[in-house]
Amino acid sequence: MRIATTERTVHPVLIFWTIVGWVGFLVLPWYGIDEGFFRFEWLFDGYPMDTDHAPAAMLLAMGQKWWLAPLLLPLILPLFVLNRRKTEPIYAKVLISAGAFGFGWLIAQGFGIGIRGWSFDWLEALFGPLDDRQFGMGYGALLLASAYLFFFTQGIAARGAVNGDVFVVSSIGGVIAIVSIFVFFPIAKTLLAAFITEDGSYSVAVFLAKFFDDRIWALGCLFGGRCGVAWNSLFLAVLVGIITTLLGLVFALVVTRSGFRYKQGLRALTVLPIITPPFVIGLAIILLFGLSGSVTTWVADLFGIRPTRWIYGLPGILIAQVLAFTPIAFLVLIGVVEGVSPSMEEAAQTLRADKWQTFRTVSLPLMRPGLANAFLLGFIESMADFGNPLVLGGNYDVLSTEIFFAIVGAQYDQGRAAVLAIVLLAFTLGAFYAQRFWLGKKSYTTVSGKGDAGVHPQMPRRLSIPVYAVAAVWTAFTVIIYLMILYGSVVELWGVNNTLTFKHYITAFSLRLDEGGIRWTGSAWDSFWTTIQIATIAAPLTAAVGLITAYLLTRQSFAGKNAFEFGTMLSFAIPGTVIGVSYILAFNVPPIELTGTGIILVVSFIFRNMPVGVRAGIASMSQLDKSLDESSLTLGANSWQTFRGVILPLLRPAILAALVYSFVRAMTAISAVIFLVSAKYDMATSYIIGRVENNDYGLAIAYSTTLIAVMLTTVGLLQLMVGKTRIGRRMDHGSGG
Amino acid sequence: MKKHLIAPAFLALASGIGSTSVSAANLTLYCSAQEEWCQLMARGFEDATGVDVAMTRKSSGETFAQVKAEEANPKGDVWWGGTGDPHLQAAEEDLTEPYVSPMREQLHPWSIAQAESAGDKTIGIYSGALGYGYNTDLLAAEGLPEPACWKDLLKPEFKGHVQMANPNSSGTAYTTLATMAQLFGEDEGFEYMKGLHANINQYTKSGSAPIKAAGLGETTIGIVFMHDAVAQAVAGFPVKVVAPCEGTGYEIGSMSIIKGARNIDEAKQFYDWALSAEAQNLALQVDAFQVPSNMSAETSDKAPDLSSIKLIDYDFKTYGSSDTRKRLLEKWDNEVSVLPQ
């Protein structure tokens, strides 16, 4: 397509990666630095001779770690093709083989030789004992691995894959590599436990026996008995998916297609539940609707009936999850509802369709990608949610809590946890394909390069009345819950002693001024700053990875795209507990040693929250006409410039959704975090859970309230920074554009 | 423009993370008691010895899962606190290191008996008796009689008023099951559990949840360790603690040195210190109402008086082994949990 570029014999990108590779090999320390990734004491501590901090080349020169020597070959080979044309077969051949061999050898030696010499018995049997060992990889290995990966993708691109587009091929390569390392690898390691017998060997029979357990699949509830956890989870997740999607749509319609005045307030309100640490909502619901809850007692007195424990079980989990996950549906749908082109709706109305017909036959079908993605997210969130079923579940067991207690409970049965996680994954996979099937191959493009003026019509009356009613009721409910929470943070002991006090805030966040400056004396400051730091680092990375993935999925076609798409959803679908344990299993030993650092928290957040960025990105991007990209490409931009200059600016709502969501989740997630926090990196949520276990409800709620305030401010700031998309329409009713 | 502002700030943030601290004398402590107590133990040891302590607090089940996951490359040195079962399980799976402390002669016999049953891989640091607590307001409002014995909980008027944890997920509830099997004999013990099942309104997942629910008025009675119930009452909830008249079982909060600990000397130093009366007296400052294992350590005056409670001779060797546990839990699953309520 772009012949001019493929004929050049200077390859700046290739030169760059070659230099990176050599720097990694010659200059930077090969192994991980004990003091930490961002500490540089090693520069003055015997570098480069000290074997702990030496680069690979120096280690080899000193006659150590012979297994690193073969890594040199694939570094030298690309030097010979630097002056060749991309079109020459030798160029692609050399790069592909160098990249593949280098990357493969790097991984093989990493796994083959560990802290106790050979990692596998058969290697020792083959080569005899090894009296050397190695620790986790560091900067040098990281750079070299990236260099090999990009040699490989450059080679593939030169052979003509994806129109020879280097940016696209390397992005695909990069995303596949990191998803494999940080999603597939740890999860596979854990799920294998489903096949391990008591004496440590692998067997399918063990898996089958655990899989067809009555506690998972029983259908007793149809005949008045009890159902297995699998059915419980499935039923709950479908309900939550449907209800959150409908509520999300309702709010999206109110915000975009009504004369409603306080839209910003409504936006903030719908975002509130997403930024609430998990157990707080559960506690508020108990204090409202529990056996001694205010609403229950009031209703019981009013009608003279006995209060019951009705909230514990399906009703309680359903209410809490719908409250918590509606915002996600809203965030996905708002972009889509805004994106539906008014021109099409106007066209329908010109053809004499009334408002209701227009909505039903034009607007609603165009929102399908949004609806499907919102449902999928609600479904998956509900499946993986752990906090709400724990607090409100009663005797209604679901997969996520069963998994947690199979790992940490009195059974210590990781095999059962793995089997349950596989069941959960199967459901998620099912939902994922159902969604694909429902969307089909239709086009949902509405934002094209052509003139697109007009305003969204108001909702038809038939729709607006129920929409307003639902929005009003739900808003009131949310407001009441949050007033309760605020109230809970300023009373002595919520539900027992209602004297007003600020002591919880003081315990958590007190400051003292003395000659040394500000002293952070409150007990919560440590975890508070760590949390802010980790969340701030994780959010933009998550959004970036998510949106690039979404771009690849919607705009490019390549082999294995479906598997790729599912792979990116995987870490989201698996409960945090499983992720947490898999991350320890996978990243506590070389070649990648991350436990006890802050990096492991950042990484776990990126890969756990990336799918929301992907979903939001896909939903928005499938509305952008491909002709926009094409015109940009025709005008000589390459695909990176197109992505940056054309697509990104049109994706602002999706970017915002991804940023907000990942920031907020990094601050409120709990289940994976519990296993990954360390003395130095304690997170707010694990601190809060500790308080709750210790009956310090006031302190826990005060801390949560503070977090909510911080997150609201951040969300507001992000909204300002990212800005609004202007899709070339009149933005308001009445005022022309 | 914006990018230039963001990038340096981002780097500054990033430079703080990604490090694990290393200096002269260090100890990584995994702590499974409540937050304040853990903090106090960590700081107390630092003050006493000058060793830097990095402490992580997790529940005992979570710590066990972590220690097991880290088996190939242990990151922790000492695991202090939390109910004895996971410690015994860790000993059985060879995740912890045997150590005979010179402090042993100062300890109560129950502590040493538990250590010996585990091949010296764990040791008791405190104990707490099983019992139950009830919400006095709810009990009065419902006009129910005050329960005093285990068998009282079987009375039909308590139907739907009793809460306990699920023994499959909670060590507390497993202790309840094992206690009944020892107190009444296994057959009668299971008959008791079946009778109790009829009155249970919910099997919670976590062990201390029933008494928290009682505190909030969500259930009348919660079966828990008595020190948890005392903590609830001291926090201000209307909870009364009951030591059942038939006698009861107990847990031993334990401490183990993790196998392959990187700071083994400091770990032993901590181990000895944690068994001293001085270290165990720290519990008084943090509302911990367990009974310390050092004979000369003091017990909180609010704590249930163990000498007035009839304790059974709890067989930790048998009931802490994974075979017995698996058998009892399966029996409970098949014979008790399936009954209609």
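Of all residues being out of contact with any Asp or Glu (no Cβ under 9 Å at 6 or more places or on another chain) and part of a helix (DSSP H, G or I) in segment A:40-66, which is surrounded by the fewest Cβ atoms within 10 Å (Cβ to Cβ)? Just the residue, please. Give the derivation first.
Of all residues in segment A:40-66, those out of contact with any Asp or Glu (no Cβ under 9 Å at 6 or more places or on another chain) come to A:40, A:43-44, A:47-51, A:54-63.
Right, trim to part of a helix (DSSP H, G or I) and you get A:43-44, A:56-61.
Values: A:L43: 11, A:F44: 8, A:A56: 24, A:A57: 19, A:M58: 19, A:L59: 21, A:L60: 19, A:A61: 12.
The qualifying residue surrounded by the fewest Cβ atoms within 10 Å (Cβ to Cβ) is A:F44.
I'd like the full set of residues that are assigned to a loop (DSSP other than H, G, I, E, B) and either within 7 Å of chain B (Cβ to nearest Cβ) or over 16 Å from A:Y31 (Cβ atoms) (or both), limited to segment A:569-590. Walk me through it before giving the result.
Residues of segment A:569-590 that are assigned to a loop (DSSP other than H, G, I, E, B), as a first pass: A:574-575, A:588-590.
Scanning segment A:569-590 gives A:I574, A:P575, A:N588, A:V589.
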Is it the case that some residue within segment B:262-276 is among the acidic types (D, E), in contact (Cβ under 8 Å) with a residue 12 or more places away in the chain and within 21 Å of B:P167 (Cα to Cα)? no
Taking segment A:453-482 as the region of interest, how many residues are of a type in the set (S, T, N, Q) and surrounded by fewer than 16 Cβ atoms within 10 Å (Cβ to Cβ)? 1
Considering every residue within segment B:121-140, establish whether at least one is in contact with a helix residue (DSSP H, G or I) (Cβ under 9 Å, 6 or more places away or on another chain), among the charged types (D, E, K, R) and more than 14 Å from chain A (Cβ to nearest Cβ). yes
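Among A:L633, A:L628, A:L656, which is in contact (Cβ under 8 Å) with a residue 40 or more places away in the chain, assigned to a helix (DSSP H, G or I), more than 14 Å from every other protein chain (Cβ to nearest Cβ) and in contact with a strand residue (DSSP E or B) (Cβ under 9 Å, 6 or more places away or on another chain)? Write out each step before concluding.
Numbers: A:L633 fails: in contact with a strand residue (DSSP E or B) (Cβ under 9 Å, 6 or more places away or on another chain); A:L656 fails: in contact with a strand residue (DSSP E or B) (Cβ under 9 Å, 6 or more places away or on another chain).
Being in contact (Cβ under 8 Å) with a residue 40 or more places away in the chain, assigned to a helix (DSSP H, G or I), more than 14 Å from every other protein chain (Cβ to nearest Cβ) and in contact with a strand residue (DSSP E or B) (Cβ under 9 Å, 6 or more places away or on another chain) holds for just one of A:L633, A:L628, A:L656, which is A:L628.
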Somewhere in segment A:660-672, is a residue modelled with pLDDT under 85, part of a helix (DSSP H, G or I), within 12 Å of chain B (Cβ to nearest Cβ) and crowded, with 23+ Cβ neighbours inside 10 Å? no
Out of the residues in segment B:308-341 that are farther than 18 Å from A:G409 by Cα and acidic (D, E), state the one that is surrounded by the most Cβ atoms within 10 Å (Cβ to Cβ). B:D315
Only listed residue being part of a helix (DSSP H, G or I), under 30 Å from A:V589 (Cβ atoms) and more than 25 Å from the chain's Cα centre (by Cα), chosen from A:K210, A:K189: A:K210
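Kindly evaluate A:R261 against the criterion of being more than 30 Å from A:A666 (Cβ to Cβ) and of a type in the set (D, E, K, R).
Working: more than 30 Å from A:A666 (Cβ to Cβ): yes; of a type in the set (D, E, K, R): yes.
Judged against the criteria, A:R261 is a match.
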Could you please find all residues in segment B:47-82 being facing chain A (nearest Cβ under 7 Å) and farther than 25 Å from A:I670 by Cβ? B:A72, B:N73
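Could you tell me whether A:T358 is within 28 Å of A:V479 (Cα to Cα), surrounded by fewer than 24 Cβ atoms within 10 Å (Cβ to Cβ) and more than 33 Å from the chain's Cα centre (by Cα)? Write out each step before concluding.
Numbers: within 28 Å of A:V479 (Cα to Cα): no; surrounded by fewer than 24 Cβ atoms within 10 Å (Cβ to Cβ): yes; more than 33 Å from the chain's Cα centre (by Cα): yes.
When the stated conditions are applied, A:T358 does not pass them.
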In segment A:521-536, which residue that is of a type in the set (G, A, S) and closer than 17 Å to A:Y505 by Cβ is farthest from the other protein chains (Cβ to nearest Cβ)? A:G522
Which one of these does A:A559 not meet: (1) away from chain B (no Cβ under 14 Å); (2) touching a residue at least 24 places away in the same chain (Cβ under 8 Å); (3) out of contact with any Ser or Thr (no Cβ under 9 Å at 6 or more places or on another chain); (4) among the aliphatic types (A, V, I, L, M)? (2)
Inspect segment A:133-152 for any residue being surrounded by fewer than 14 Cβ atoms within 10 Å (Cβ to Cβ), modelled with pLDDT under 80 and not aromatic (F, W, Y) and give the result as yes or no. no
Out of (1) in contact with a Leu (Cβ under 9 Å, 6 or more places away or on another chain); (2) surrounded by fewer than 22 Cβ atoms within 10 Å (Cβ to Cβ), the odd one out for A:E346 is which? (1)
As an exercise: evaluate B:P167 against (1) more than 10 Å from every other protein chain (Cβ to nearest Cβ); (2) within 21 Å of the chain's Cα centre (by Cα) and give the number of the one condition it does not meet. (1)
Exactly one condition in (1) out of contact with any strand residue (DSSP E or B) (no Cβ under 7 Å at 6 or more places or on another chain); (2) surrounded by 24 or more Cβ atoms within 10 Å (Cβ to Cβ); (3) without any contact (Cβ under 8 Å) to a residue 24 or more places away in the chain is false for B:P109; which is it? (2)
Verdict on B:D120 being modelled with pLDDT of 90 or more and over 25 Å from B:G217 (Cβ atoms): yes
Single unsatisfied condition, B:C149 versus (1) assigned to a strand (DSSP E or B); (2) away from chain A (no Cβ under 13 Å): (1)
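Name the single residue, out of those in segment A:339-373 being part of a helix (DSSP H, G or I) and of a type in the set (A, V, I, L, M), that is farthest from A:A434 (Cα to Cα). Lay out the reasoning, then the answer.
Step one: of segment A:339-373, the residues part of a helix (DSSP H, G or I) are A:339, A:342-350, A:355-366, A:368-373.
After this cut, where a residue has to be of a type in the set (A, V, I, L, M) as well, the list is A:344, A:347-348, A:362, A:364, A:366, A:371-372.
Working: A:M344: 28, A:A347: 32, A:A348: 30, A:V362: 23, A:L364: 19, A:L366: 18, A:L371: 13, A:A372: 9 Å.
Of everything passing the filter in segment A:339-373, A:A347 is farthest from A:A434 (Cα to Cα).
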All but one of (1) of a type in the set (D, E); (2) in a loop (DSSP other than H, G, I, E, B); (3) within 17 Å of the chain's Cα centre (by Cα) hold for A:E593; state the number of the condition that does not hold. (3)
When segment A:370-398 is examined, which residues are found to be within 13 Å of chain B (Cβ to nearest Cβ) and on the phi < 0 side of the Ramachandran plot? A:F386, A:G387, A:N388, A:P389, A:L390, A:V391, A:L392, A:G393, A:N395, A:Y396, A:D397, A:V398
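The values are calculated or read from the model by the stated rules, or taken from the named source; none is laboratory data. Because the structure is a prediction, the values reported are computed rather than measured. Note that we place each Cβ from the backbone using ideal geometry, even for glycine, and neighbour counts take in every protein chain shown.
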